[in-house]
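A quick write-up on the structure given underneath.
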Amino acid sequence: MGLHFGEGKSGSGAPGIPGSDDCAHPGCGRHDATPCAYVDRRGRHCGYSWCPEHQRVFEGDPYCRRHGNVMAAITTGTIERIEPPDLDNRALSLCEWVANDLDMEMVGLLDEIKEGSEEAFVHINPLHLVVLRTPPSRTWARTWTLGDHTGTMRKIGLEVNESADTVVVATVDGNTVAREVPPWISDRGTPISEEAVQRRRDEFRVKLVGSIVWSAKNAERPWAPVS
Ligand SMILES: [Zn+2]
Ligand SMILES: [Zn+2]
């Protein structure tokens with residue numbers, strides 16, 4: 001379990017599979033690319049080809065790095081086969097992007113909360129899909145936990161549901177503490193200055209991080225010394 005998006009060359013180190021297509025990676029001039037093997041749950045193919053350097057091999061098949069990571073995420077830690085998400089669904093990539101962006105703050109927060117506990121440790125969990133049957137729901141999640149040998153003390157998370165793939169949901173101990181649509185989605189098509197774009201992005205981060213910090217710090221801390 002060490003899955004991280006966009007990292008590594010061919011993912012788990014498996015050698016790439018050469019083909020005869022042009023590589024779709026921007027600026028890559030190689031002509032030994034193989035089509036991505038990803039097929040979504042509606043039967044649509046990815047359509048892009050990647051050279052051995054820009055593909056990710058998963059269970060013997062070549063994929064884009066993105067789709068290789070999707071395949072790893074939906075087959076890791078589960079015995080049942082999960083249907084591959086629609087090609088155009090952005091839940092997974094939005095979840096992973098925001099989680100990577102806020103990772104330092106999340107780890108820092110749990111490190112701070114840990115104070116007062118001798119044996120607690122912070123654990124960063126890779127992207128995973130939470131599937132519920134009734135009502136049917138598929139949610140991509142990244143979580144950070146603070147725990148010790150007795151179990152989890154605090155759990156913070158960022159989630160994006162496939163049926164609302166523009167909304168980032170922040171959670172603390174399983175409770176929703178914020179719901180935010182990132183400005184690069186809500187402002188799309190709105191002509192605003194570079195400065196305004198940056199300010200809106202900062203506001204988005206502050207809202208998410210602020211809600212998580214407040215809730216996580218104000219939740220009970222049963223392991224902390226009383227006085
Ligand atoms: Zn390439
Ligand atoms: Zn692909």
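The values are calculated or read from the model by the stated rules, or taken from the named source; none is laboratory data. The structure presented is a predicted model; accordingly, all values stated were derived computationally and were not measured. FYI the Cβ positions are ideal-geometry reconstructions off the backbone, even for glycines, and counts take in every protein chain you see.
Is there a residue in the range 31-40 that is exposed (fewer than 15 other Cβ atoms within 10 Å of the Cβ), on the phi < 0 side of the Ramachandran plot and within 13 Å of ligand 2 (Cβ to nearest atom)?
Yes, because at least one residue in the range 31-40 is exposed (fewer than 15 other Cβ atoms within 10 Å of the Cβ), on the phi < 0 side of the Ramachandran plot and within 13 Å of ligand 2 (Cβ to nearest atom).
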* Residue list for the range 186-204, restricted to those being modelled with pLDDT under 95 and under 16 Å from ALA99 (Cβ atoms) -> ARG201
* To do: Report, by residue number, each residue of the range 170-189 that is among the acidic types (Asp, Glu) and in a loop (DSSP other than H, G, I, E, B).
  => ASP173, ASP187
* To do: Scan the range 63-73 and give yes if some residue there is among the β-branched types (Val, Ile, Thr), touching a strand residue (DSSP E or B) at 6+ places or on another chain (Cβ under 6 Å) and not assigned by TED's automatic domain parsing to the domain that holds ARG154, otherwise no.
  => no
* Structure fact -> Selection from the range 144-169 of residues assigned to a strand (DSSP E or B) and small (Gly, Ala, Ser) yields GLY147, GLY151, GLY157
* Structure fact -> Within the range 59-80, residues being away from ligand 1 (no atom under 16 Å from the Cβ), over 18 Å from the mean Cα position of the chain (by Cα) and at pLDDT 85 or above number 3
* **Top-ranked residue of the range 12-25 - restricted to ones that are closer than 10 Å to HIS54 by Cβ and out of contact with any Pro (no Cβ under 6 Å at 6 or more places or on another chain), ranked as farthest from ligand 1 (Cβ to nearest atom)** => ALA24
* Asked: Condition test on GLY116, is it more than 22 Å from LYS207 (Cβ to Cβ) and in contact (Cβ under 8 Å) with a residue 40 or more places away in the chain?
  -> yes
* Asked: If you take the residues of the range 46-58 that are crowded, with 24+ Cβ neighbours inside 10 Å and within 11 Å of ligand 1 (Cβ to nearest atom), which of them is farthest from PRO84 (Cα to Cα)?
  -> TRP50
* To do: Quickly run through the range 1-37 and pick out the residues that are at pLDDT below 50 and out of contact with any strand residue (DSSP E or B) (no Cβ under 9 Å at 6 or more places or on another chain).
  => GLY6, GLU7
